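What follows is a set of notes on a single structure, which appears directly below.
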Amino acid sequence: MFLSDYRREFYEVIVNQRVLLLVASDVDALCACKILQALFQCDHVQYTLVPVSGWQELETAFLEHKDQIKLLVKQDDDLDVPAYDDIFRDEEDEEEVSENESDGPEPSEKRRRFEEDVIERTMKRREKREWEARRREILFDYEQYEYHGTSSAMMMFDLAWIMSKDLNDMLWWAIVGLTDQWVQDKITQMKYVTDIGILQRHVSRHNHRNEDEENSLSIDCMRIAFEYDLRLALYQHWSLYESLCNTSYTSANLKLWSVQGQKRLQEFLADMGLPLKQVKQKFNSMDISLKENLREMIEESANKFGMKDLRVQTFSIHFGFKNKFLASDIVYATASLMENIEKEGRETDNFIKALDSLSRGNLDKLHQGLDLAKKQLRAIQQTVASCICTNLVISQGPFLYCALMEGTPDVKLFSKPVSLCLLSKYLLKSFVCSTKNKRCKLLPLVMAAPMDVEQGTVIMVGIPPESESSDKKNFFGRAFEKAAESTNSRTLHNHFDMSIIELKTEDRSKFLDALISLLS
């Protein structure tokens, strides 16, 4: 659903009809769905919820429910997405000129042919200059457009706020949706901080109470708070040691896949003055005296070890007096539930369970998601360590390439798109920290993993270069399409994120050759 600047008008159109909700399988979309569900319940709107994981399921759902679909995109909306040929150009040998003196016996014929070649070369150079100027202009305009610019959950919350129907639960889902984009590295740090500031004002408005009211809160109350917390995955539901080892930021900076990195970790813990026995037990079981100043201790030592961005702006939620979660905890848990591979069944079941885990009345499902997330993060870090130690990441010229082989531990997990994207981003970050090749530090990464052994398919993802100033734009989607077209490779572009494709295993070699040629 494309809302543009017509969010309120759009909602007023659909409230009088039975609504079809087509929801993509990512955490931000789930949070947007929860907000819309709450709005529909408030206005007694009937709706049908259909989870879709890709374009094929979207088409199937559209055909099955097309009588319910009234509005998708306004006809006068201009999406203004640049064409592929305006961004990429197949290089031609413009200097190739026929200088065969034996062609044509007459000097006048050779002169005429020479003049035609000169004119042709001049026209080609002019066309190329015009194309480059047009490309610069398009890219400049495109730079202003964030591909993942605004969280869909934040858009839905904005809709609820405009209509004065926003609730604290909706605000929390908007926070989780934004945090999902940050965890998945889909938005810049500047965009994240800006949106955090917007949400912080709403948090102050919804969670402002005086002392008497605070003391009278019931045990099942819900309270959201803005915090500067640690960039450590699930540390309040894990041990501090496990979180340090399995968080991408700390693992990459300390290079924990190496013996030297393990020594640096021990030095880091010693510098904080934390006993190993304490950091290896559950966070909730640590001595209260140590936990009181833990954040300050970790941040001070982190600065000495070059980890100056270990503290981040985020939000936490309290359910009653016992349960506290950071927004990133919810993101990891919900994403793990969506891609749960431990139980065979329909993907729709995973979707519904993940959707339910976002409700505060389903804490048992949320805790199950946290356990799955810990297994996922361990698998990612072990695979990253294996890839770096065995030199599986190789330079293919315009990009880095890594392929997981069948039989690799946890390879089934990485047949799922979100898990593979997380692995790819973590691997690229770690590789950049480990390599001494300055050129390789600036390259994007293409990663492949087995998807379906019986059908002989692999799943492949393209990740932009890892850099502080990266704008998170990803042009791999169109590059993948072009490489597949030029080689007649059997590919399936089914994912909403066009930088993820499915490919026949036997076509992988020629597909990669075409991709190298295209991006060189």
Considering only segment 33-90, state which residues are assigned to a loop (DSSP other than H, G, I, E, B), at pLDDT 80 or above and of a type in the set (D, E, K, R). 43
Looking at segment 280-288, can you tell me whether even one residue there is within 16 Å of residue 227 (Cβ to Cβ), in a helix (DSSP H, G or I) and touching a strand residue (DSSP E or B) at 6+ places or on another chain (Cβ under 9 Å)? yes
Give the residues of segment 249-261 that are at negative phi and either in a loop (DSSP other than H, G, I, E, B) or in contact (Cβ under 8 Å) with a residue 60 or more places away in the chain (or both), sorted by residue number. 249, 250, 251, 252, 253, 256, 257, 258
Listed by first then second residue, the pairs whose first member lies in segment 277-293 and is under 16 Å from residue 324 (Cα atoms), whose partner is among the small types (Gly, Ala, Ser), with beta carbons under 6 Å and at least 6 positions apart or on separate chains, are 282/239
Sole residue being of a type in the set (A, V, I, L, M, F, W, C) and surrounded by 19 or more Cβ atoms within 10 Å (Cβ to Cβ), chosen from 290, 234: 234
Give the residues of segment 414-431 that are crowded, with 21+ Cβ neighbours inside 10 Å and farther than 20 Å from residue 493 by Cα, sorted by residue number. 423, 425, 426, 427, 428, 430, 431
So, in segment 292-319, exactly how many residues are part of a helix (DSSP H, G or I) and either of a type in the set (Gly, Ala, Ser) or within 24 Å of residue 331 (Cα to Cα) (or both)? 6
Consider only pairs whose beta carbons are under 8 Å apart and that are at least six residues apart or on different chains; among these, list those whose first residue lies in segment 29-49 and is touching a residue at least 60 places away in the same chain (Cβ under 8 Å) and under 15 Å from residue 163 (Cβ atoms) and whose second residue is open to solvent by 50 Å² or more (accessible area, probe 1.4 Å) and not hydroxyl-bearing (Ser, Thr, Tyr). 38/167; 39/165; 42/165
Residue check, residue 278 against (1) open to solvent by less than 50 Å² (accessible area, probe 1.4 Å); (2) closer than 25 Å to residue 407 by Cα; (3) over 23 Å from the mean Cα position of the chain (by Cα), all met but one. Which one? (2)
Here is a list: 325, 321, 305, 351. Which entry is surrounded by 15 or more Cβ atoms within 10 Å (Cβ to Cβ) and over 25 Å from the mean Cα position of the chain (by Cα)? 305
Segment 131-164: number of residues that are modelled with pLDDT under 80 and in a helix (DSSP H, G or I): 13
Scan segment 475-486 and tell me whether some residue there is open to solvent by less than 30 Å² (accessible area, probe 1.4 Å), farther than 30 Å from residue 259 by Cβ, charged (D, E, K, R) and touching a residue at least 12 places away in the same chain (Cβ under 8 Å). no
Please pick out the residue among 341, 352, 388, 330 that is closer than 30 Å to residue 513 by Cβ and not small (Gly, Ala, Ser). 388
Taking segment 201-215 and keeping residues in a helix (DSSP H, G or I), among the basic types (Lys, Arg) and modelled with pLDDT under 90 leaves 205
Give segment 289-304 a look and list any residue that's over 14 Å from residue 229 (Cβ atoms) and in contact with a Phe, Trp or Tyr (Cβ under 9 Å, 6 or more places away or on another chain), or say none. 301, 304
Subset of segment 180-200 [over 17 Å from residue 311 (Cα atoms), in a helix (DSSP H, G or I), open to solvent by less than 50 Å² (accessible area, probe 1.4 Å) and among the aliphatic types (A, V, I, L, M)]: 199
Is at least one residue of segment 262-271 assigned to a loop (DSSP other than H, G, I, E, B) and modelled with pLDDT of 90 or more? no
Please work out which residue is nearest to residue 311 (Cα to Cα), limiting yourself to segment 165-179 and to residues that are of a type outside the set (A, V, I, L, M) and in a helix (DSSP H, G or I). 179
Only residues that are modelled with pLDDT of 90 or more, among the small types (Gly, Ala, Ser) and farther than 17 Å from residue 445 by Cβ: list them for segment 374-414, please. 379
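The values are calculated or read from the model by the stated rules, or taken from the named source; none is laboratory data. From a predicted model like this one, the values you see are computed outputs, not experimental measurements. Here Cβ is always computed from backbone atoms with ideal geometry, including for glycine, and neighbour counts include all displayed protein chains. Accessible surface areas use protein heavy atoms only, side chains included; no ligands, DNA or RNA. Shrake-Rupley method; radii C 1.70, N 1.55, O 1.52, S 1.80 Å.
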